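See below for the structure under consideration.
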Amino acid sequence: MTLKTNMGSAKAGELLTATRWMQVIAVVLFSVFFLGAGDDFEARFNTLGHKKLICVCGCNQILLECNHVGCTYSDRMRNELIAAVQRGDSDDLVLQAFVQKYGPIVLAAPTTTGFNRIAWIMPFAVLLAGFAFAGMIVLSWKNKPLLSPGTPGAGGQLEEFKEQARRETEL
Amino acid sequence: MPYFGSFALLCALALSLYCLVVGAISLLRENPASQRLTETARRAGIATFIAVAAAAAALLWSAFHDDFSVAYILHHSNRDLPIPYKFAVLWSGQEGSLLFWSLLLGAYGFVLRLRHKVDIRLTAYASVILAGVQVFFLLLLNFAAKPFALMQGEIPPDGNGLNPLLQYPEMVIHPPMLYLGYVGMSVPFAFALGALIMRYPGEKWIHITRRWTMVTWMFLTCGIFLGSHWAYYVLGWGGYWGWDPVENASLLPWLTATAFLHSVMMQEKRGMMKVWNVWLIFATFMLSILGTFLTRSGVISSVHAFAQSSIGDWFLIFLAIIFAVCLFFFVKNRSHLKSEHRLESLVSRESSFLFNNLLLLASCFAVLWGTFFPILSEWVTGNKITVGSPFYNHVNVPIALLLLLLTATGPLLAWRRTSFASLRRNFTIPTVAAVATAGALMIGGMKPRQDVSYFYSLMAISLSVMVTVTIVSEFLRGARVIRGHTGRNLFSSVLQLWRRNTRRYGGYIVHFGVAVAVIGLAGSVFNQTQEKEMGNGDSLQIGKYTLVCRSYTQDDNANFGSASAIIDVFKNGHPLVTMYPERRFFKSSQQANTLPSVHSSLFEDLYLVYAGHNDTTDHPIITAHVNPLVGWFWAGWLILVLGTLLALVPNEAAVKVTQPVPARATAPEVSMAQTTGAGD
């Protein structure tokens with residue numbers, strides 16, 4: 001009984017240490033994440049030009065990365081972007097102006113409104129569905145386990161199980 | 001020679017049809033005569049390769065002899081094209097690249113049919129399936145995309161020349177590598193489908209195809225990396241991956257093949273995931289065909305795509321046939337694919353493989369979805385939209401980070417189930433290393449809240465360190481046990497450890513390569529760009545570098561004219577290097593392209609582009625990029641290839657399997673295996 005209690009307290013001690021470790025890791029990660037928070041408004045031109053807009057000359061490249069020799073669009077579009085940012089237009093306003101002039105194809109990624117919202121939802125929905133499906137299968141397997149070697153009826157398969165053990169534990 | 005080439009292609013079609021039809025008939029019959037028929041079908045398959053090789057040789061002969069009566073040669077070559085690029089003519093256009101596909105398929109089939117004694121019946125099935133694929137490509141070459149079509153009317157004195165973007169040494173290697181990967185996926189597909197059709201007992205077919213799959217995966221990996229390397233050094237936009245639809249097309253089969261290489265271990269070790277594996281290899285092959293369709297159909301606009309043509313329909317029909325055949329035999333013989341075991345715990349090696357597969361497939365779906373979404377959106381809303389790199393980065397980076405986490409944790413989990421004590425023992429050091437790395441990066445000035453890309457970069461580097469520490473600890477743990485038993489030094493013990501299970505420890509090197517490449521990718525978040533018109537003596541400041549234009553010059557040869565700038569580079573005020581960004585104008589094709597000048601170091605690349613020319617001032621316009629950690633991306637690739645080669649070496653135990661081993665001598669090995677972890 002005493003031994004059991006000691007083992008129990010040892011286990012509890014192990015769990016406590018593990019919990020404390022987890023807490024320490026969580027605190028460190030949290031503080032690491034929130035250190036250095038700040039905004040950089042000067043980067044608006046680069047953000048819009050590198051992440052939001054593409055060159056519409058047909059090369060499909062990001063606006064500030066278009067290096068097409070003889071491209072008749074990218075220089076003009078860059079100048080328009082510089083002018084808009086210097087005027088102090090908001091990001092939305094800049095993007096709206098570009099869409100009005102060049103069409104929705106000028107945006108580097110689908111918008112998060114209307115039908116195009118599906119573009120963003122589907123990959124994660126599929127991933128979550130995959131995880132849910134796998135989880136359901138695992139749970140159903142756990143509820144209906146296969147016969148183990150010690151189960152009556154499985155004795156004749158001893159050699160097979162030995163072979164399996166060898167296969168599964170080979171270095 | 002064009003007539004010889006056309007005749008060779010016709011012969012190849014007849015031979016592959018014979019291999020397909022007679023081979024299939026012989027497999028349906030069970031008598032001695034059918035064995036002789038099977039043998040004739042096999043020989044016809046071998047002869048197909050010889051006929052296709054003769055056709056390819058005829059096309060190259062026409063290129064080397066400037067035979068512009070052949071329309072393909074006229075459109076893709078010219079008299080002054082340097083000799084190495086004459087070889088590239090074979091895959092630079094639609095008809096030639098299809099012939100190249102067929103040639104490689106014939107070569108793979110040739111090797112497979114020569115090695116038929118590994119398993120005569122299974123190889124016969126695989127041979128017939130490969131012949132079916134070959135028939136499709138030869139039908140295209142004979143009737144829809146003829147490489148030996150002749151010019152009508154007067155023959156021009158010189159050809160249009162090779163696309164300037166392809167006139168780069170890597171272009172002689174990159175497409176063959178990619179095609180070796182694409183086409184090579186036909187072999188595991190043929191074996192998997194053959195095994196399913198004949199209800200092949202056991203997992204021997206997986207052992208037979210294991211090396212095929214790994215080798216073709218390595219070729220595909222090399223093809224993708226070489227393509228990135230070419231894009232970086234030739235296209236001149238400062239990056240190496242732009243999520244172009246054709247780049248995506250090469251990534252799709254790579255992702256499913258990577259998933260297969262992992263999940264197949266569960267089938268080998270535990271007899272699990274048989275249905276999953278069969279469909280993974282089917283999907284990999286179909287995605288290879290889809291990639292070929294994407295480049296030829298014109299349904300997606302891409303900088304890589306060939307001109308729109310009707311052969312896109314051929315590929316769609318072929319894809320539908322493949323899917324129907326796979327589905328039919330799956331439904332017919334699915335009882336043969338029942339799992340022998342079940343997952344016992346969510347915290348086990350099996351579950352890590354399962355989740356690794358789910359993540360890889362989710363990433364594959366995201367890329368496929370993004371590639372085709374513009375078509376779907378236009379169909380539904382009537383508006384044409386763009387799905388560019390911001391979409392793929394937003395969707396794929398979180399998935400990739402989860403995959404990296406699994407790469408770090410999976411090898412530490414035991415088969416069947418893992419105890420809490422084992423988790424704590426194995427995970428403490430890698431976790432502490434990852435957290436310490438994150439902390440050090442933060443102290444070093446990385447601000448994860450400033451932009452989500454900085455947060456991703458921080459996580460990617462920290463998790464890569466975690467992967468590395470995991471791998472090192474796995475090697476050390478195994479090597480220590482061997483050292484304890486044999487008294488060898490640590491290096492020798494590590495070598496011995498690898499020799500005992502080359503796939504497992506070669507695989508760890510591959511993981512290490514991935515971690516290094518991910519660190520390289522993470523560096524791209526901190527890229528800097530500056531652009532300036534630079535006359536003599538003008539300077540440009542970017543990061544720690546000062547660029548001074550010494551002069552600019554022009555040159556001319558038979559193939560192209562060029563303009564280049566001579567830029568002296570100073571780092572922190574000290575002279576570093578002189579760089580020569582260049583722009584070329586190819587005379588035959590009347591096309592221009594840029595050749596960036598790159599100075600690489602361990603931590604960053606200085607990348608200069610001759611972006612343009614101001615006609616008013618006559619000054620060149622120079623774009624300068626500072627790209628951190630790009631070298632790590634290439635180094636990661638080399639490590640990854642090295643790891644795959646190490647994994648392909650046969651195990652020491654397998655080498656000695658023909659020699660009788662005393663029972664006593666094996667006992668310590670078992671205990672060592674148990675101590676150092678269980679299998680792959």
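Some notes on this structure:
- Contacts under 9 angstrom Cβ, first residue in the stretch B:275-287 being in contact (Cβ under 8 Å) with a residue 60 or more places away in the chain, partner in a helix (DSSP H, G or I) and basic (Lys, Arg), 6 or more apart: B:275/B:334
- Condition met for residue B:420 (of a type in the set (A, V, I, L, M, F, W, C), surrounded by fewer than 18 Cβ atoms within 10 Å (Cβ to Cβ), within 12 Å of chain A (Cβ to nearest Cβ) and over 20 Å from residue B:402 (Cα atoms)): yes
- Single residue of the stretch B:557-584 satisfying the filter (within 19 Å of residue B:237 (Cβ to Cβ) and not small (Gly, Ala, Ser)) that is modelled with the lowest pLDDT: B:584
- Residue in the stretch B:185-198 that is over 28 Å from residue B:47 (Cα atoms) and either surrounded by fewer than 23 Cβ atoms within 10 Å (Cβ to Cβ) or basic (Lys, Arg) (or both) present: no
- Hits in the stretch B:332-371 - residues which are in a loop (DSSP other than H, G, I, E, B) and not hydrophobic (A, V, I, L, M, F, W, C): B:338, B:339, B:340, B:341, B:342, B:344, B:345, B:348
- Inspection of the stretch B:502-514 identifies no residue that is outside any helix (DSSP H, G or I), surrounded by 18 or more Cβ atoms within 10 Å (Cβ to Cβ) and within 13 Å of chain A (Cβ to nearest Cβ).
- Some residue of the stretch A:99-121 being away from chain B (no Cβ under 11 Å), farther than 26 Å from residue B:398 by Cβ and in contact (Cβ under 8 Å) with a residue 40 or more places away in the chain: no
- Failed condition for residue B:403, given (1) hydrophobic (A, V, I, L, M, F, W, C); (2) buried (at least 20 other Cβ atoms within 10 Å of the Cβ); (3) modelled with pLDDT under 85: (3)
- Counting only residues that are under 20 Å from residue B:629 (Cα atoms), over 34 Å from the mean Cα position of the chain (by Cα) and not in a helix (DSSP H, G or I), the stretch B:418-469 holds 2 of them.
- Residue within the stretch B:30-48 that is touching a residue at least 60 places away in the same chain (Cβ under 8 Å), outside any loop (DSSP other than H, G, I, E, B) and closer than 16 Å to residue B:99 by Cα present: yes
The values are calculated or read from the model by the stated rules, or taken from the named source; none is laboratory data. As the structure is a computational prediction, the values presented were derived from the model and not from experiment. Every residue, glycine as well, gets a Cβ built from its backbone with ideal geometry; the counts of neighbours run over all protein chains shown.
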